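Bear in mind that the values in this text are calculations on the coordinates, not laboratory data. None of the values given here were measured: they were computed from a predicted structure. All Cβ positions, even for glycine, are placed from backbone atoms using ideal geometry, and neighbour counts span all protein chains on display.
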Amino acid sequence: MIADNLFLWIGFTVGVLALLALDLGVFHRKSHVVSMRESLTWSAVWIGLALLFNASLFIWMDSGKGVEFLAGYLIEKSLSIDNIFVFVMLFTYFKVPPLYQHKVLFWGVLGAFVMRAVLIIAGAALLQEYNWILYVFGGFLVLTAIKMALQKEEAMNPEKNPVVRLARRFMSVSNEYDGDRFFTLRNGKRLATPLFLVLLAVEFTDLIFAVDSIPAIFAVTNDPFIVYTSNIFAILGLRSLYFALAGIMDKFHYLKQGLAAILAFVGVKMLVSQVYHIPPFVSLAVILSILAISVVVSLLRPQAVPTAQENTDTAV
């Protein structure tokens, strides 16, 4: 199936790499603090490009592919919001200066681009060869949804991240930042900076989330090109989305339950696919409804802010 659309895959990949080169080489050549206005502008640019690509699918392929792409894009975009929670905690824990955060996320996206391409190709090959894998994906997503819905918020300790622990074990790591460099020289010795540890943690986090999100998109389409393009477009806008939403994520406290509901829906869709096929436009409507409800409920029922007395009692 991939060989049949090889030129589409190559053309799309080259186009994305060109956009990333333009992003880093022209618009973000120098490290700077990303403002709210800039992040919103870039969010609009990436979403606009995704919608233009979506429109081209409606025109040059068919409406079914267009709906599948949009549903897959919304699934990946909504699930990527969970990444933002983790990015906030990572940057806070490692005290990453705002000046250098964009560079970490840029290289994180580039790494995610490669990892997800490999996972999608592998997933498509497995589904084509072993149809029963669909039930494995579906059951996994339902279990993940239950775990996400029941999981309590816990303080994250990135030092326990296996990739960070391996890096500290096999590499010499500096305790200080050296501008936006991932490696530095100290007394003639080459050391990794804390910024490199953050990058490793970001890449590992995306790999974990990809294990959830990629099977979820296979629930709405079995076309690996649609899975690939919707996935890549969603993560391309992840950096700008982070800078736009990082400061207000706590206002959407019911969003995690909404994401769990989306995972549960697509998991069930996979499990019943051989008995009843849920049309892509129905999936799209359900996903949009769940997202809208979780956002509206979050705004209508703000999370209670603990008082000073409550914090004191908790500490005691």
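Among the listed pairs LYS160/LYS251; LYS77/LYS147; LYS77/LYS269; LYS77/LYS251, those with a Cα-Cα distance over 24 Å are LYS160/LYS251. Could you work out how far the C-alpha centroid of region 20-99 sits from that of region 106-147, in angstrom? With region 20-99 and region 106-147 each reduced to a Cα centre, they are spaced 20 Å. Exposure proxy for GLU38, GLU76: other Cβ atoms within 10 Å of each Cβ, ordered fewest to most, give GLU38, GLU76. In plain terms, the residue of TYR73, TYR276 with the fewest other Cβ atoms within 10 Å comes first and the most crowded comes last, giving TYR276, TYR73.
Taking all pairs of different Cα atoms in region 47-142, averaging 1/r and flipping that mean, what Kirkwood radius in angstroms comes out? The partial results should precede the final answer.
Numbers: mean 1/r = 0.0612 Å⁻¹.
Hydrodynamic radius (Kirkwood, Cα pairs) of region 47-142 is 16.3 Å.
By the count of neighbouring beta-carbon atoms within 10 Å, fewest first, THR184, THR205, THR92 end up ordered THR92, THR184, THR205. Taking only the Cα atoms of the chain, the ratio Rg/Rh comes out at 0.98, with Rh defined as the Kirkwood radius.
Result for the chain in a Gaussian network model with C-alpha springs under 10 Å: among ASN187, ASN131, ASN175, the largest mean-square fluctuation is at ASN187.
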